[in-house]
Amino acid sequence: MDTNALDQGFSRLAEDLSASGQAERKFRDWLVSSTEIERLRINPYHVAAESGAPVSDIVGLALRGVAAGLFDLHWLVHCPHCNMITQECRNFFELSHSSDCKMCDVDFDVDALTRIEVTFSLNRSIEDVDATAFCLPPPVLCSKVNIAGPPGETFSGTDIIEEPGVYRFFCPVTLAKGILTVSGERTDQVQEFNVRQLPSFNDAETSFVARPGPFRFTLVNDCEKVSGIFIIPEALPDELPLESLPLRLTGLETIHYEEYRKLFGDQALAESEHLQISSVTLLFTDIAGSTAMYENLGNAAAYSTVRNHFEILFRCVEAHQGFVIKTIGDSVMASFRANDDALVCALDAQREFDTLNEGRDESSRISVKFGLHRGPAILVNLNGRIDYFGSTVNRAARIQDTAAPNEVVFSAEARADSEVADTLLRNGGADVREEIITLKGIETGQTVFRFANDRAWKIQNSPPPGCPGAAAPLRPAAHGRAGLGATWRQLWRAGFR
């Protein structure tokens with residue numbers, strides 16, 4: 001690594017820097033002290049855990065660093081079954097809706113939340129690492145042996161398999177694969193197996209039979225890359241939950257960063273392409289009585305009020321890690337990764353609108369209706385920009401339609417987080433009302449929760465049709481994500497060098 005070029009890159013970055021100088025120093029120090037294999041594809045969550053800098057600062061620095069020529073950006077697609085990398089793109093617009101894993105012999109839909117990881121590497125003018133991006137099997141798969149070594153060397157690893165069954169031995173770098181069948185009576189004798197990694201990145205030996213008990217794998221690495229052997233069950237889960245994997249920067253998370261949208265927001269998928277999003281929170285807003293407002297205030301004054309309303313909403317959305325997908329007339333559609341971010345955004349906007357309305361007469365006040373819903377969506381390219389389609393979008397818009405002026409209505413799906421319950425309790429959660437409503441064009445009933453400020457309750461002389469008026473108990477939902485594994489550096493540090 002050329003440390004002089006690295007420092008010059010950080011100097012260019014400092015000219016347009018919003019993150020703290022402390023985070024910049026911590027990131028730079030981590031880069032200097034890290035290994036080549038850690039820098040091969042830099043995981044911002046790993047950097048944050050080791051450096052003590054906030055992950056949001058690390059991501060912001062890295063994205064700005066791409067624009068400044070300090071870093072390169074990588075979009076990695078992971079297999080939903082084994083988590084190996086099946087595709088790597090340098091730009092968002094190169095991504096495709098489907099991919100395939102040759103080791104698992106499956107095709108799968110690419111999910112921006114669960115299957116796309118965004119990483120970084122130092123620009124080749126600073127460090128040119130001749131190595132293939134790879135991913136170790138996650139701890140949830142309980143891999144065995146776990147050995148690795150550089151080209152031209154021979155190395156061994158011993159382990160024990162007690163359960164009969166069919167297992168896969170493979171290399172995460174070359175993706176060479178073989179089958180180990182364990183059957184019969186247990187033995188205490190160490191069983192020996194030799195594997196040779198060929199220059200073609202295939203294993204010369206692809207099938208072994210063993211008895212339950214101890215065994216030793218010896219790998220002769222005849223290829224030009226680091227190679228290794230890991231053993232996992234051949235029958236893998238239908239899909240590895242994101243929560244079971246080490247923390248990583250997802251594709252969906254990345255597009256919600258302000259830095260990404262400012263620097264790379266013009267990148268869009270091909271018009272014929274789309275990406276799945278397994279879960280995202282959508283916020284719809286609309287001005288209540290906007291037609292009457294234009295009649296009462298006149299076009300110029302009403303437009304000024306609407307523009308002020310947009311400024312408030314855009315600011316609140318951005319402040320809570322969301323982004324505005326589009327405006328439709330005086331309505332706004334925004335995306336959030338977390339339910340709580342969307343709800344707090346709506347509540348903060350409510351308060352700002354109250355402040356905006358102070359001293360105004362009733363005819364010039366602005367009243368906004370809010371609707372939130374969470375679910376799967378399709379990410380597409382519409383007129384060169386990111387847009388969402390699907391039933392979640394339709395439900396979110398219909399939920400907003402049912403809101404009274406100054407009221408936030410959110411679905412049960414957007415309510416199912418402990419953070420949402422905490423936010424509601426901090427903001428007068430006893431006033432939350434639960435009901436089941438029928439949305440226009442949707443046959444099944446929808447459970448929603450209504451939350452409004454004092455002025456909204458005054459506007460509503462009676463509950464909406466079908467509302468029982470009973471407050472629902474707040475039920476926190478447990479959730480969380482697994483911590484970052486620490487073993488991979490130890491496994492690969494010696495092998496890579």
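The values are calculated or read from the model by the stated rules, or taken from the named source; none is laboratory data. Just so it is clear, the model here is predicted, and its values are computed rather than measured. No Cβ is skipped: glycine too gets one built from the backbone with ideal geometry, and neighbour counts run over all protein chains shown.
Things worth noting here:
- In segment 240-266, residue modelled with the highest pLDDT [restricted to those that are surrounded by fewer than 18 Cβ atoms within 10 Å (Cβ to Cβ) and assigned to a loop (DSSP other than H, G, I, E, B)]: PRO241
- All positions within segment 287-328 that are within 23 Å of VAL380 (Cβ to Cβ) and among the acidic types (Asp, Glu): GLU318
- Residue match in segment 130-146 (condition: of a type outside the set (D, E, K, R), modelled with pLDDT of 95 or more and touching a His at 6+ places or on another chain (Cβ under 8 Å)): no
- Some residue of segment 376-383 being touching a residue at least 12 places away in the same chain (Cβ under 8 Å) and either farther than 28 Å from ASP266 by Cβ or of a type in the set (Asp, Glu) (or both): no
- Leading residue by the ranking (surrounded by the most Cβ atoms within 10 Å (Cβ to Cβ)) among those in segment 282-298 that are of a type in the set (Gly, Ala, Ser) and either not assigned by TED's automatic domain parsing to the domain that holds ASN394 or not in a helix (DSSP H, G or I) (or both): ALA288
- Flag: GLY329 matches the condition of being closer than 24 Å to GLY390 by Cα, at pLDDT below 95 and in the same structural domain as ALA397 (by TED's automatic domain parsing).
- Scanning segment 67-116 for residues that are without any contact (Cβ under 8 Å) to a residue 12 or more places away in the chain and either over 22 Å from GLU239 (Cβ atoms) or assigned to a strand (DSSP E or B) (or both) gives a single hit, ASP107.
- Residues of segment 393-447 that are farther than 24 Å from ASP348 by Cα, of a type in the set (A, V, I, L, M) and assigned to a strand (DSSP E or B): ILE436, ILE437.
- Condition check for GLU50: more than 30 Å from PRO241 (Cα to Cα), surrounded by fewer than 21 Cβ atoms within 10 Å (Cβ to Cβ) and over 20 Å from the mean Cα position of the chain (by Cα): no
- One residue stands out in segment 32-45 among those that are over 15 Å from the mean Cα position of the chain (by Cα) and touching a residue at least 40 places away in the same chain (Cβ under 8 Å): the one that is surrounded by the fewest Cβ atoms within 10 Å (Cβ to Cβ), namely THR35.
- Residues of segment 299-329 classified as surrounded by 16 or more Cβ atoms within 10 Å (Cβ to Cβ) and over 15 Å from ALA349 (Cα atoms), total: 2
- Near pairs, Cβ below 7 angstrom, 6+ apart or cross-chain, from segment 386-414 (in the same structural domain as PHE370 (by TED's automatic domain parsing)) to any residue that is of a type in the set (Gly, Ala, Ser) and assigned to a loop (DSSP other than H, G, I, E, B): ILE386/ALA268; VAL409/ALA403
- Yes/no for GLY384 being surrounded by fewer than 18 Cβ atoms within 10 Å (Cβ to Cβ), at pLDDT 85 or above and over 25 Å from the mean Cα position of the chain (by Cα): no
- Qualifying positions in segment 346-381 - among the small types (Gly, Ala, Ser) and either within 18 Å of the chain's Cα centre (by Cα) or assigned to a strand (DSSP E or B) (or both): SER367, GLY371, GLY375, ALA377
- Some residue of segment 299-309 being among the aliphatic types (A, V, I, L, M), assigned to a helix (DSSP H, G or I) and closer than 26 Å to LYS262 by Cβ: yes
- Test set (1) closer than 30 Å to GLY178 by Cα; (2) without any contact (Cβ under 8 Å) to a residue 60 or more places away in the chain - PRO237 fails condition number: (2)
- For segment 92-101, the tally of residues that are in contact with a Leu (Cβ under 8 Å, 6 or more places away or on another chain), surrounded by fewer than 20 Cβ atoms within 10 Å (Cβ to Cβ) and modelled with pLDDT of 95 or more stands at 1.
- Within segment 414-460, being buried (at least 20 other Cβ atoms within 10 Å of the Cβ), at pLDDT 90 or above and under 27 Å from the mean Cα position of the chain (by Cα) holds for ALA414, ARG415, VAL448, PHE449.
- Residues being touching a helix residue (DSSP H, G or I) at 6+ places or on another chain (Cβ under 9 Å), closer than 19 Å to GLY69 by Cα and not acidic (Asp, Glu) - total across segment 27-42: 8
- Looking across SER156, SER143, one residue alone is more than 27 Å from ILE42 (Cα to Cα), surrounded by 15 or more Cβ atoms within 10 Å (Cβ to Cβ) and not assigned by TED's automatic domain parsing to the domain that holds SER33. It is SER156.
- Some residue of segment 191-201 being of a type outside the set (Phe, Trp, Tyr) and in contact with a helix residue (DSSP H, G or I) (Cβ under 8 Å, 6 or more places away or on another chain): no
- Taken over segment 103-121, residues that are acidic (Asp, Glu) and in contact with an Asp or Glu (Cβ under 6 Å, 6 or more places away or on another chain) amount to 1.
- With respect to (1) at pLDDT below 95; (2) part of a helix (DSSP H, G or I); (3) among the hydroxyl-bearing types (Ser, Thr, Tyr), the lone exception for SER272 is condition (2).
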